[in-house]
Amino acid sequence: MLMGTDKPGAATEWRRHYMLPIAAALGYATSVIHIYGLGPYIQPISDQFGWTRTQVTVGLTLSTLVQAVFSVPIGLMVDRLGPRIFGLVGVLLTCGAFALLGTATGSPGQWYLLWALLALATLPVQATIWTSAVATRFEASRGLAFAITLCGASIAVAIFPLMGSWLIGQYGWQRAAPIQAAIWAACSFPLIFLFFRGARDRRRGEAVAATAATPAVGSTLAEGVRSSIYHRLLLASLLFTFTIIALVVHFVPILTDRGADPMRAAGIASVVGLCSIIGRLATGLLLDRFRGSLVGAGVFLLPAAASLLLLGAGNNVALLIAAAALIGLTLGAEVDVIVYLTTQHFGLKTFGGLYGGLLMALSVGTATGPLGASAIFDRFGNYAPFLWITLVLMVGSSLALASLPRPAFARPRGH
């Protein structure tokens, strides 16, 4: 089945809604401040409290598992209520909860409580909120619009490690956390307030009329979750995020363990974020022009090459930068590919619910990957075993995408 072709073209979509993906990108960056911003805090927290890295990062695991549990209910609520209210409230809650991490006292129980609060605060800013708004405004250029939206994570990877490292150096980690949260809230919230509005966020009467006139097309939730296509997307999501998020979270410690000073390590790590922007935009353009499953299968193999470079690079700065670039190019593709393929194979009828299920897999991988890397480091004293695991899991995720059939709800090329 093909979507209708009587829709606005790409130029019209961008002329009407060009600020929406930018605002959504800032919101998506907020949703991962505790993930991509954690790296510079790991060592100082561990040193001050005498904790292992597993103890430091287990809060991230717990918070992300909470997000996994609530991903489908949040997606279904977004399908009914629209994403705007979730995004506005969630940005403020998330920044506030991240700031509270600076109140840690060294009590493990209190540390886990702070992460529990952060887990609840991030529920209204998960990826479903930002992508659902963009999906309702863009069709002809949906791949590129998703890419710009999800560049929020690229912004996060590029900015948060450097910001955190500098603030920690100036003020100590406990004062750095609230300062970082306040700076980010001041930069992001005004634009989100002004420009983040999906088609389902119009005034109630207008939204009902628009929905009646142009009902969403696609699979039901039950049809989607029974599909083997959906199962393969779940598998690819889980395997990929388990490894790539751990690589990003632990990238600064990987470098400092080799003798790099924290600011140099953060500078190299910022290459991940910069290349992620390139990766996302390039992937978005490719998705609009070529078969999405094959595009995804190709880019999902890049972390395998990055792992090989990290295993053999030693202190060679050029090779470490090359590894960061490869990680960034793929980090700029994973959610873009999964979101895009969800709309292509299942349409928009229950996009929030179906993507909520995939976000559950992404969240489980995000939760367990950094903890797994921490446990491996604590057991072996280095990250080499985890890098070898990355090679295997990346191949598995690539094969899962490559096996997908042609999508049922794809817009014909050239429209």
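Computed from the coordinates by the stated procedures, all read-outs in this text should not be read as laboratory data. Predicted, not measured: the structure shown is a model, and the values here were computed from it. Please note: Cβ atoms are built from the backbone with ideal geometry, for glycine as well, and neighbour counts cover all protein chains shown.
Rg/Rh for the range 321-415 stands at 1.06; both radii use Cα atoms, and Rh follows the Kirkwood definition. Using only Cα atoms, tell me the angle between helix 351-380 and the longest principal axis of the chain; keep it within 0 to 90° and round to the nearest 10. With both axes taken from Cα atoms, the answer is about 10 degrees. Inter-label distance, Ile22 to Ala384: 4.8 nm, where each label sits 7 Å from its Cα along the C-beta direction. Angle of helix 334-346 to the longest C-alpha principal axis of the chain, folded into 0 to 90 degrees and rounded to 10: 20°.
All alpha carbon pair distances within the range 47-161 were sorted into 5 Å bins beginning at 0; the resulting P(r) in whole percents reads 2, 11, 17, 20, 20, 13, 9, 5, 3, 1, 0.
For Ile254, what is the net charge nearby, where nearby means another residue's Cβ is under 15 Å from its Cβ and Lys, Arg count +1, Asp, Glu -1? Net charge around Ile254: 0. The convex hull defined by the C-alpha atoms of the chain has an orientation-averaged projected area of 18.0 nm².
Highest mean packing comes first when the peptides 268-274, 53-59, 317-323, 249-255 are listed by Cβ atoms within 10 Å, giving 249-255, 268-274, 53-59, 317-323. Relative to the longest principal axis of the Cα atoms of the chain, helix 39-49 runs at roughly 40 degrees.
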